[in-house]
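The structure under discussion appears below in the form of structure tokens.
Quick note: the coordinates plus some simple rules give every number you see, no bench work behind them. Fair warning: this is a prediction, and the values are worked out from it, not measured in the lab. Here Cβ is always computed from backbone atoms with ideal geometry, including for glycine, and neighbour counts include all displayed protein chains.
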Amino acid sequence: MPKMKTKSGAKKRFQVRAGGSIKRSQAFKRHILTKKTTKGKRQLRGMTGVHERDAAAVRAMMPYA
């Protein structure tokens, strides 16, 4: 059997933690930042987890992760 390919967009966007959960970066902090509040921009820092309903789809995109 040939190897399964990992989706190249998914490997750039997601990381699998040691416990098996998947982490992702926050959205909505790239542009049009002047109309967003300082508190909102501050809370978009860092990484967060992928929702459990979406985790199966992300795992299918990264079969060896």
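Observations
- A count restricted to segment 19-48 and to residues that are under 16 Å from Pro63 (Cα atoms) and either without any contact (Cβ under 8 Å) to a residue 24 or more places away in the chain or among the acidic types (Asp, Glu) (or both) stands at 1.
- Filtered residue count, segment 49-65, keeping only those that are surrounded by fewer than 13 Cβ atoms within 10 Å (Cβ to Cβ) and in contact (Cβ under 8 Å) with a residue 40 or more places away in the chain: 2
- Scanning segment 7-18 turns up no residue that is in contact with a Leu (Cβ under 7 Å, 6 or more places away or on another chain), of a type outside the set (S, T, N, Q), free of Cβ contacts under 8 Å to residues at least 60 places away in the same chain and not in a loop (DSSP other than H, G, I, E, B).
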